[in-house]
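A.B. asks: My questions will all concern the structure given below.
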Amino acid sequence: MSISAKTRKSLWAKSGNRCAICRLELVQDVVESNNLILGEECHIISSKSNGPRGDNKLHCYDYDDYENLLLLCANDHKRVDTLVETYTVEKLIKLKKTHSQWVKTTLSLDPIAFTNDEFKTISLKRIKTGKEIINVIDVVHTFSFENDELIEKEEIELIPPFFDLLKEYVDILDMMSFKQIAHLSLEINSTINTIEEKGFKVFGLRRSAKILNSKKEDMGIWDKATIVIVRNDNPGIVGEHLIMKTPKSFKLKV
Ligand SMILES: [Zn+2]
């Protein structure tokens, strides 16, 4: 059996034509001269017993039923089918549910949600190195740093000072030499390691967003950096991404 036209339609609609992990907009056929990426209809449980998650019991009637399918971009499809220990059946079902809920609440209310700053949910990528952090914060106009509630003194002495350090560098990165940036990158590497040892993960996102001032006047498109540090058990963590509500406030650099 193959995926029926009806199932396919339902899968694409309920996914908002977006990858369930990175939320990139996807297309069904190759369209000339645009940047859209081809979507892939993936099986949560492979119909082959030696395929990805193929040793699990099927939770619906057929492998090609909507319940066993997930819309992903090629990159995430590959990751999900390679890292089967991370992307278990339970995890994928949960991820699919979260995504369709997000489509319902965000995209249906605001069809242009992804092109401005009004969308309510963002997906941040896991950050493991200083270089990755620097790429996110390098000469942005505005930034937002957030963390899960800190309990121990050690955590308070680690995470807020780390944000203070980043805040300082946002402004001067473009004036630093390559050597200075390399040293900073090393320093951040070791701080990230310490943060991870304490049971946290670092996520970041750099994007262009329309900025409104307090009078709701359009200030144009600005580059915005978001860095978030959460505990390993934060429910927003999906594989190498963190799904979270858009931070309400952020600090303007000027
Ligand atoms: Zn993707």
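A.B. asks: Restricting to the range 137-164, name every residue that is out of contact with any helix residue (DSSP H, G or I) (no Cβ under 9 Å at 6 or more places or on another chain), hydrophobic (A, V, I, L, M, F, W, C) and either without any contact (Cβ under 8 Å) to a residue 40 or more places away in the chain or buried (at least 18 other Cβ atoms within 10 Å of the Cβ) (or both).
C.D. replies: Correct list: 151, 156.
A.B. asks: Of the residues 167, 201, which single one is modelled with pLDDT of 95 or more and of a type in the set (Lys, Arg)?
C.D. replies: 201
A.B. asks: Additional query: So the check is Cβ under 7 Å with 6+ separation or different chains; which pairs have a first residue in the range 72-87 that's within 8 Å of the ligand (Cβ to nearest atom) and a second one that's part of a helix (DSSP H, G or I)?
C.D. replies: Matching pairs, first to second residue: 72/80.
A.B. asks: Across the range 7-30, what is the total count of residues that are modelled with pLDDT under 85, more than 15 Å from the ligand (Cβ to nearest atom) and either outside any loop (DSSP other than H, G, I, E, B) or farther than 26 Å from residue 122 by Cβ (or both)?
C.D. replies: So the answer is 6.
A.B. asks: Of the residues 2, 46, which single one is surrounded by fewer than 16 Cβ atoms within 10 Å (Cβ to Cβ) and more than 16 Å from the ligand (Cβ to nearest atom)?
C.D. replies: From the options 2, 46, the qualifying one is 2.
A.B. asks: Can you find a residue in the range 96-108 that is closer than 18 Å to residue 26 by Cβ, of a type in the set (A, V, I, L, M, F, W, C) and either under 16 Å from the mean Cα position of the chain (by Cα) or at pLDDT 85 or above (or both)?
C.D. replies: So far as the range 96-108 goes, yes, one or more of its residues are closer than 18 Å to residue 26 by Cβ, of a type in the set (A, V, I, L, M, F, W, C) and either under 16 Å from the mean Cα position of the chain (by Cα) or at pLDDT 85 or above (or both).
The values are calculated or read from the model by the stated rules, or taken from the named source; none is laboratory data. Predicted, not measured: the structure shown is a model, and the values here were computed from it. Glycine gets a Cβ as well: all are built from the backbone with ideal geometry, and neighbour counts include every protein chain shown.
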